[in-house]
C-alpha cells in the first residue's frame, strides 16, 4: 500500500504516462497500417528482376574488390620481400 500522498501522486502519474504511451503506440500502429495501404508495391516479376540486379551488382563488386585485393597483396609482398 502506498504510504504518503506524494507516493500516491507519483504512482498515479506513472500510470497515466503508461496509458498515454500505450495510446501513442496504438495510434502509431493504426497510422502505419493506413500508410501501408498507400504504398505502390512492386509486382512479383519486378521484385524478382530487381533482386537479381542487386545480386549481380553485388557479385561484380565482390569480384572487382577480390581482384584488387589479390593484386595489392601480391604487390605488397613483392615490395616487402623482393620476390618479383
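Residues of the range 1-44 being in contact with a helix residue (DSSP H, G or I) (Cβ under 8 Å, 6 or more places away or on another chain) and at pLDDT 75 or above, which ones? Give the steps one after another, and end with the answer.
First pass over the range 1-44, keeping only residues in contact with a helix residue (DSSP H, G or I) (Cβ under 8 Å, 6 or more places away or on another chain): 2, 42.
Within the range 1-44, just 42 meets the criteria.
Could you list, in sequence order, the residues of the range 32-48 that are assigned to a helix (DSSP H, G or I) and surrounded by fewer than 10 Cβ atoms within 10 Å (Cβ to Cβ)?
32, 33, 34, 35, 36, 44, 45
The values are calculated or read from the model by the stated rules, or taken from the named source; none is laboratory data. This is a predicted model, so every value here is computed, not measured. Methodologically, a virtual Cβ is constructed for each residue, glycine included, from the backbone with ideal geometry; neighbour enumeration extends over all protein chains shown.
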